[in-house]
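Bear in mind that the values in this text are calculations on the coordinates, not laboratory data. Quick caveat: nothing in here was measured; it's all calculated off a predicted structure. In this analysis, Cβ positions are derived from the backbone assuming ideal geometry, glycine residues included, and neighbour counts consider all displayed protein chains.
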Amino acid sequence: MEARRYTQAAIWLHWLVALGIIINIALAWTWPNVPDAQVRPLIDVHKSIGITVFGLAVLRLLWRFTHRPPPLPSKYQQWEIRTSHWTHWALYLVIFLMPITGWLHDSAWDAAATHPLMLFGLIEIPRAAYFQHLGPAEMKRYHELFGEIHELGAKLVYALFVLHVAGALKHQFLDKTRELQRMWFWGQPE
């Protein structure tokens, strides 16, 4: 009989990426409301989590390419299957887009030379060298451009997250399909 649940590695990677994204959203919503002295440390943690999410997403995608996910239940409608596949690939795209645009935004920051990009204060992450040789006005233009793209990506994350969760909850509670058990650590999927 074919497995109905994702592998343990896929489950762990899924939830670690999800947790990182949720924490980063919370940080981004928090720093406008804290004293100025606390903003930079929160942004630095946000960057570190973003880099970590990127690494975990690479592992998740490699795992996905080498380990076929369990099939969707046969009673799902074709539009549900297409929406599920589209949403998952769009989530992968945005999960990669966010750290890359954040890194480019940070690389074009005017204080980049005096404030190293550190992974949890332990490992220095190089910035995109292209920006370091630009004049202040051009650097500012790139910083703003990638900041806007990063913010647009955040809105896509919100929309795709809602669609992803709504689909899972619909199948679980309205269709009674035990969808959540496919990507959770316990419980028996159908």
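Among the residues of segment 25-58, what is the count of those that are within 17 Å of K155 (Cα to Cα) and touching a residue at least 60 places away in the same chain (Cβ under 8 Å)?
Count: 2.
Quick check on segment 162-171. Is at least one of its residues surrounded by 14 or more Cβ atoms within 10 Å (Cβ to Cβ), of a type outside the set (D, E, K, R) and in contact with a Leu (Cβ under 7 Å, 6 or more places away or on another chain)?
The answer is yes, given that some residue of segment 162-171 is surrounded by 14 or more Cβ atoms within 10 Å (Cβ to Cβ), of a type outside the set (D, E, K, R) and in contact with a Leu (Cβ under 7 Å, 6 or more places away or on another chain).
Could you list all residues from segment 86-129 that are loosely packed, with under 12 Cβ neighbours inside 10 Å and either among the hydroxyl-bearing types (S, T, Y) or in contact (Cβ under 8 Å) with a residue 60 or more places away in the chain (or both)?
T114, G121
Mind listing whichever residues of segment 5-53 are under 20 Å from V165 (Cβ atoms) and among the basic types (K, R)?
R5
So Q38 fits all but one of (1) touching a helix residue (DSSP H, G or I) at 6+ places or on another chain (Cβ under 9 Å); (2) surrounded by 16 or more Cβ atoms within 10 Å (Cβ to Cβ); what number is the exception?
Answer for Q38: the failing condition is (2).
Which condition does W12 not pass, out of (1) surrounded by 15 or more Cβ atoms within 10 Å (Cβ to Cβ); (2) under 13 Å from the mean Cα position of the chain (by Cα); (3) free of Cβ contacts under 8 Å to residues at least 12 places away in the same chain, if it passes all the others?
(2)
Taking interchain pairs and intrachain pairs at least six residues apart, which have beta carbon atoms under 6 angstrom, with the first residue in segment 166-190 and at positive phi and the second part of a helix (DSSP H, G or I)?
Listed pairs, sorted by first residue: G187/Q181.
Per-residue answers, yes or no, for (1) of a type outside the set (G, A, S); (2) touching a Phe, Trp or Tyr at 6+ places or on another chain (Cβ under 9 Å):
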{"site": "I95", "(1), (2)": "yes, yes"}
{"site": "D106", "(1), (2)": "yes, yes"}
{"site": "D110", "(1), (2)": "yes, no"}
{"site": "L119", "(1), (2)": "yes, no"}
{"site": "Y130", "(1), (2)": "yes, yes"}
{"site": "G135", "(1), (2)": "no, no"}
{"site": "F146", "(1), (2)": "yes, yes"}
{"site": "K155", "(1), (2)": "yes, no"}
{"site": "K170", "(1), (2)": "yes, no"}
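What about A37, is it of a type in the set (G, A, S), over 18 Å from V94 (Cβ atoms) and part of a helix (DSSP H, G or I)? Write out each step before concluding.
Details: of a type in the set (G, A, S): yes; over 18 Å from V94 (Cβ atoms): yes; part of a helix (DSSP H, G or I): yes.
Against the criterion (of a type in the set (G, A, S), over 18 Å from V94 (Cβ atoms) and part of a helix (DSSP H, G or I)), A37 qualifies.
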